[in-house]
Each structure stands twice: as C-alpha cells, then as structure tokens.
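The values are calculated or read from the model by the stated rules, or taken from the named source; none is laboratory data. What you see is a predicted model, and the numbers here were worked out from it, not measured in a lab. A quick note on method: Cβ atoms are made from the backbone with ideal geometry, for glycine too, and the neighbour counts reach across all protein chains shown. These area figures cover heavy atoms from the full protein model, side chains too; ligands, DNA and RNA do not enter into them. Shrake-Rupley method; radii C 1.70, N 1.55, O 1.52, S 1.80 Å.
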Amino acid sequence: MSSSSGPNPNQLQLDVAKSRNLRRTGALAGGVIFVTGAAVGIFSGIVDASTILVPACAGVGAFAWRTRSFDEYDAPMPDACFEVKTSLIPDAGRGLFTTVPIRKDTYLFPYTGDVLTEDEYFQRYPTGQGRYVAEVTTVNGSVYIDGINENSCLARWMNSKPQTNDDDDDDDDDDIDDDDDDDDDDDDDDDDDDDDDDDDDDDMTAIDVANVRWRKQRFGKMAGSMFFYARRDIAVGEELAFDYGSNYWDAVRE
C-alpha cells in the first residue's frame, strides 16, 4: 500500500529520469555554446550575421514544418479492414491481418490505450517491462500508452519485424517500449488470395520486413500520439508488422 505522500520512485525509474536529464542538459549546453559563439562572432564583426541568421531561420522553419507533418487529421481505416487471427510468425500468438488491399503511405490507425505518466507507468510496471506500452517523449515529459486491454486498439495486435534503412519516418528515436502480437507475410504475397479462413494460412508465409511504419508526435496539440502507416502497398490477407525497436527486445530478455 503506497503512502499518502505519493509513489516512491524505484531505481529503474530514477535511472531513466537521470539519463533523460543528462541528454537535455547536453542539448541545452550545446545550444548555449552555439548561440554565445554566434553572438560574439557577429558583434565582433568576425562573422556576417546573414551567414548565421539565414540558415538558422531556415532550420527553424523546416523543424516547424516537419513537426506539423507528424499531426494526423485523417480518420483511421474502418475496423472491418482488419482481422485478428493466428499469426504466421512462429510462437507469436495472434496477429493483425488485412481484409482489403492498402496503398502505400495510407494512414491505418493510432496506438491508443491507458495514457500513463511516468510515475503511473512504473507503479504499474516496476521492472519497466510493459509489453504493450508505447512511450512517446514530449517536451513535457514521457507519455506512456498502455494497450494491455485487448479492446484498446487494433495496433496492439501487430507483431514485430525489422525495417530497412530507407524508411526515415521512424526516427523519433523512441523505441516501442511495447506493442503487440502481429506479423506479416512475405513481400511476394501480393498475389495471395484474400480468403480469411485460418485454413488458408498454410498457403501464406510470414513477411521478413516490416510493412508498417510509425510516427510519434512530440509537440503541439497532438503531442503524445502515435500513428501507423503502410510502408508499401499491402495485399489482402497480409499480416501487418512494424519494428518494435531494440529497447523492447532488450527489456524482454532481461
């Protein structure tokens, strides 16, 4: 029973907070050094102001545009476009399959569930091993989305497959501390039939590379959100999978 004064952070939580604070301090120190050096150079006449201000303004504009591009205003695909059944990945349990063809870059669905603060997350998972938890780092701290409830979202049913290096939309650097049980069919399965019966799974094989990518919004009104998109054209009957990230597997092995 916790005391009325609030939860007592465990050592893992303290280590996570310390690591995050060190990264923030380093980034802040680097920014201060750059700004100070630029100011000294400009006011001393060593550096032309335009050589710094123009690229800086362009960088701020590019950052703002990229941040806004991570917002998602489209409606997710209807639930009827997906089906949960036995995964094609060995020992993966159930997975999420398509019942309709899906075009590349189509918005699929968000990751939803119980939204937890860091204190709430470590109260629920003292070892930090929430198998269905996605962490989104925002300017106000980490947000943890727990999809442990089977009815929380479709995304929780996706299993993990590695992604190739040509997908740079997943560079939010937050590994999925979570996610669910799903998989995918080989890239050669585009001509598979869309029969949803489990008996037809024998004619299909699990994909080797993720066919779904994700984006996490750190800023703005949608901060703390996670969205999923098709990385390529996906055929009827394919299993969906994305890359959970190394942090997930490291935690599971501990």
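Of the residues screened, V143 is one that is open to solvent by less than 70 Å² (accessible area, probe 1.4 Å), of a type in the set (V, I, T), under 15 Å from R218 (Cα atoms) and modelled with pLDDT of 90 or more.
To keep it simple, each residue is scored yes or no on (1) at pLDDT 90 or above; (2) open to solvent by less than 10 Å² (accessible area, probe 1.4 Å); (3) under 20 Å from F82 (Cα atoms).
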position	(1), (2), (3)
K161	no, no, yes
D184	no, yes, yes
D192	no, no, yes
A206	no, no, yes
Q217	yes, yes, no
R232	yes, no, yes
L240	yes, yes, yes
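Residues in region 88-124 that are of a type in the set (D, E), touching a strand residue (DSSP E or B) at 6+ places or on another chain (Cβ under 6 Å) and farther than 25 Å from P78 by Cβ: E118 only. Does at least one position in region 81-88 carry a residue that is at pLDDT 95 or above, closer than 30 Å to L240 by Cα, part of a loop (DSSP other than H, G, I, E, B) and of a type in the set (A, V, I, L, M)? No, that holds for no residue.
With respect to (1) open to solvent by 20 Å² or more (accessible area, probe 1.4 Å); (2) in contact (Cβ under 8 Å) with a residue 40 or more places away in the chain, the lone exception for T138 is condition (1).
Within region 71-109, the set of residues being without any contact (Cβ under 8 Å) to a residue 12 or more places away in the chain and acidic (D, E) comprises just one member, D91.
Out of curiosity, is D91 in a loop (DSSP other than H, G, I, E, B), on the phi > 0 side of the Ramachandran plot and open to solvent by 20 Å² or more (accessible area, probe 1.4 Å)? Judged against the criteria, D91 is a match.
For region 145-163, the set of residues classified as closer than 15 Å to Y244 by Cα and without any contact (Cβ under 8 Å) to a residue 60 or more places away in the chain consists of D146, G147, R156, listed by residue number. Of D79, D119, D71, all but one fail to be open to solvent by 80 Å² or more (accessible area, probe 1.4 Å) and of a type in the set (D, E); the exception is D79. Among the criteria (1) at pLDDT 50 or above; (2) out of contact with any Phe, Trp or Tyr (no Cβ under 9 Å at 6 or more places or on another chain); (3) open to solvent by 40 Å² or more (accessible area, probe 1.4 Å), the one D188 does not fulfil is (1). Taking region 110-122 as the range and being on the phi < 0 side of the Ramachandran plot and either among the hydrophobic types (A, V, I, L, M, F, W, C) or in contact (Cβ under 8 Å) with a residue 40 or more places away in the chain (or both) as the test, the residues that pass are P110, Y111, T112, V115, L116, E118, D119, F122. Scan T127, T112 and give me the residue that is surrounded by 18 or more Cβ atoms within 10 Å (Cβ to Cβ), polar (S, T, N, Q) and not in a strand (DSSP E or B). None of the other options fit; the residue is T112.
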